[in-house]
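Below is one structure, written out as C-alpha cells; the observations come after it.
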Amino acid sequence: MTAKKIQTVTTGADPRLAGGRLTIDLDALVANWLFLAKKSKPAEASAVVKSDAYGLGIVQVVPALWQAGCRTFFVALAEEGLRVKAVAPDARVFVLNGFFAEAFETYGQSDLIPVLGSVHELGSWKRLNTRRKDKLPFALHVDTGMNRLGITVEEALTFADDPRNPKPVLVMTHLATADDQAHALNRKQIESFQKLRVAFAGIESSIANSPGIFHAAIGEYELSRPGVAMYGGEPLSSAANPMRPVVTLEARIVQIRTGLKGETVGYGATATLARDTRIAVCSVGYADGYLRSASGSGVPLRGAVPNGGVGFVAGSKVPIIGRVTMDLTSFDITDLPADAISPGDYVELFGHNIALDDAARAAGTIGYELLTSLGNRYHRRYLKSESD
Ligand SMILES: *Cc1c(COP(=O)(O)O)cnc(C)c1O
C-alpha cells in the first residue's frame, strides 16, 4: 500500500513572519460532509458556507465539497453567493438573508436564488419579475417558531392556496432548538413544517441544520443544510461529537520567562503567582479571534465559569495565565519538563487535542463564534489528499 499523498495549499501570512497558523484538513471536512449526507438520506445534503465557510475560506472549501458531490450551497449574502459561483459555476446557490430590490439584476445575471422571507420581499420579487419573460426562481422561508426570518405559517398556507402565485423551487424553515432534542419547540416546528410540505406538495422542502440531521423525530424533508458539524463542531450539546476535527489553531511561543511567587502577570495584574512559574508567552490574542473572555482571570466570565482556556503543548494541557491581550496570550508551563519546549514552538489552541467546542466553552461561547472570528493574520495550510 502506498501512503496517500497529502497536498498542502498555503495562504495567508508567510509562516516565517506570522504569529500563528491555521491548519484546515479538507479530507476531514469532506468525510464529515459525506457522513452528514449519508445521515440525511433519502434527502440530499447541501452545504452551508455563509461567512466565508464559517471562517475557513469559500475558495478552498467549496471546490472540495463540489468534488465530493455537493451541488447545493447556502450563503447569507448575495456577495458571498458570487464568491461561491466563482469557484463552482454550476452550483445551485441559495441566499438566506433576505432580498433587497437593488440586488435583483445580480440574481438574474449570476444565477443566485434568493430565500424570500417576508410578505414585503415576496411583493417586490413578484413586481420585479413581471418585467421578465423567464421568471427567476426563488425559495420561500417560513417561520415556524424562531421569529427571525420567514413568513408565518398562515401566510404560507394562504400563498400556496392561490394559484396565481408563483411557485417557489424550495420551501424551508429553520429550527430554533434542534441542538436540544428534548426542547418542546422542536415538535411544534416539525409539525408546522410537515403541514407546509402538504400545502406545497411536489416542491422540495428543507428543515434540518446540523443538529436537525441528528434529530430522531425530524420527519421527512428533501434537502438538509449542515453547517457547523461539517466544520468539525458538535451537532448536539448533550452527546459525544461524532465529527472529525477539521481546524487546528496554533500559536507560536515568543518567549519563555519565569515569574516569581507573589508576582502578578499581565494587564490589570489579575493573576498572582502561587509559585515560581514558567510562562510561555504566545503570539495570539483577541485581534486574532482568540477571545478575551477565555482569559485565565480578570474577565467577568471567570466569576461564573472558574476555568479559562488551555493550550496543548509537549503532550500536556497548559492553562492561560491572566488576560488574553490583543496580540499575546500567556500559558503556565511550569509542570512541563524544563527542556520540553522552546521559543518558536507552537502551542495548540484547538484541534486534535483540545476540542473546538471545549475551547469555545472556556470563552463562554460556541464553536461557531470561534471559527467565524478567526483573524486574518494567520498562516493558513489547507491539507487535501491528491486525487489520481
Ligand atoms: C446557519 C444556518 C444553517 C446551518 O446551521 P448549522 O447549525 O451550522 O448546521 C442552516 N440553515 C440556516 C437557515 C442557517 O442560517
Q | the stretch 2-49 - residue that is basic (K, R) and in contact (Cβ under 8 Å) with a residue 24 or more places away in the chain and, of those, surrounded by the most Cβ atoms within 10 Å (Cβ to Cβ) | A | R21
Q. Filtering the stretch 193-227 down to residues that are polar (S, T, N, Q) and within 11 Å of the ligand (Cβ to nearest atom), which residue is nearest to V169 (Cα to Cα)?
A. S206
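With respect to P168, determine if the residue is within 16 Å of the ligand (Cβ to nearest atom) and either assigned to a helix (DSSP H, G or I) or polar (S, T, N, Q) (or both).
Details: within 16 Å of the ligand (Cβ to nearest atom): yes; either assigned to a helix (DSSP H, G or I) or polar (S, T, N, Q) (or both): no.
The answer is no for P168.
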Q. Which of (1) within 16 Å of the ligand (Cβ to nearest atom); (2) closer than 25 Å to F200 by Cα is the odd one out, the single condition V84 does not satisfy?
A. (2)
Q) When I190 is evaluated against the numbered criteria (1) part of a loop (DSSP other than H, G, I, E, B); (2) under 28 Å from C70 (Cα atoms); (3) under 27 Å from the mean Cα position of the chain (by Cα), which criterion, by number, is the only one it fails? A) (1)
(Q) Can you tell me how many residues within the stretch 228-257 are away from the ligand (no atom under 16 Å from the Cβ), out of contact with any Asp or Glu (no Cβ under 6 Å at 6 or more places or on another chain) and more than 18 Å from L370 (Cβ to Cβ)? (A) 6
Q.
Just checking: which of the helices (runs of 4 or more DSSP H) contained wholly in the stretch 44-130 hold 1 or more residues that are touching a helix residue (DSSP H, G or I) at 6+ places or on another chain (Cβ under 7 Å), over 19 Å from V142 (Cβ atoms) and of a type in the set (S, T, N, Q)?
A. 50-54, 58-68, 104-110
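Go over the candidates D162, D143, D180 one by one and state the one that is in contact with a Gly (Cβ under 9 Å, 6 or more places away or on another chain) and either away from the ligand (no atom under 16 Å from the Cβ) or charged (D, E, K, R) (or both).
Only one candidate qualifies: D143.
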Q: Pick out, from the stretch 310-388, the strands (runs of 3 or more DSSP E) lying fully within it that include 2 or more residues that are buried (at least 17 other Cβ atoms within 10 Å of the Cβ) and among the aromatic types (F, W, Y).
A: 346-350
Q: For the stretch 271-278, indicate whether the set of residues that are away from the ligand (no atom under 16 Å from the Cβ) and under 32 Å from the mean Cα position of the chain (by Cα) is non-empty.
A: no
Q) Cβ-Cβ below 9 Å, separation at least six or inter-chain, first residue in the stretch 140-159 and outside the structural domain of I113 (by TED's automatic domain parsing), second assigned to a strand (DSSP E or B): which pairs? A) none
Q: Sort through L185, L122, L128 and tell me the only one that's aliphatic (A, V, I, L, M) and crowded, with 19+ Cβ neighbours inside 10 Å.
A: L122
Q: Starting from residues that are more than 15 Å from D111 (Cα to Cα) and surrounded by fewer than 21 Cβ atoms within 10 Å (Cβ to Cβ), keep the ones in the stretch 65-81 and report whichever is farthest from the ligand (Cβ to nearest atom).
A: Q67
Q: For residues that are among the small types (G, A, S), within 28 Å of the chain's Cα centre (by Cα) and at pLDDT below 95, tally how many sit in the stretch 304-353.
A: 1
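Table: residues versus (1) closer than 23 Å to L157 by Cβ; (2) charged (D, E, K, R); (3) outside the structural domain of V169 (by TED's automatic domain parsing); (4) surrounded by 17 or more Cβ atoms within 10 Å (Cβ to Cβ).
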| site | (1), (2), (3), (4) |
| --- | --- |
| I190 | yes, no, no, yes |
| K195 | yes, yes, no, no |
| E204 | yes, yes, no, yes |
| A208 | yes, no, no, yes |
| G212 | yes, no, no, yes |
| S224 | no, no, no, yes |
| P242 | no, no, yes, no |
| G285 | no, no, yes, yes |
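The values are calculated or read from the model by the stated rules, or taken from the named source; none is laboratory data. None of the values given here were measured: they were computed from a predicted structure. Methodologically, a virtual Cβ is constructed for each residue, glycine included, from the backbone with ideal geometry; neighbour enumeration extends over all protein chains shown.
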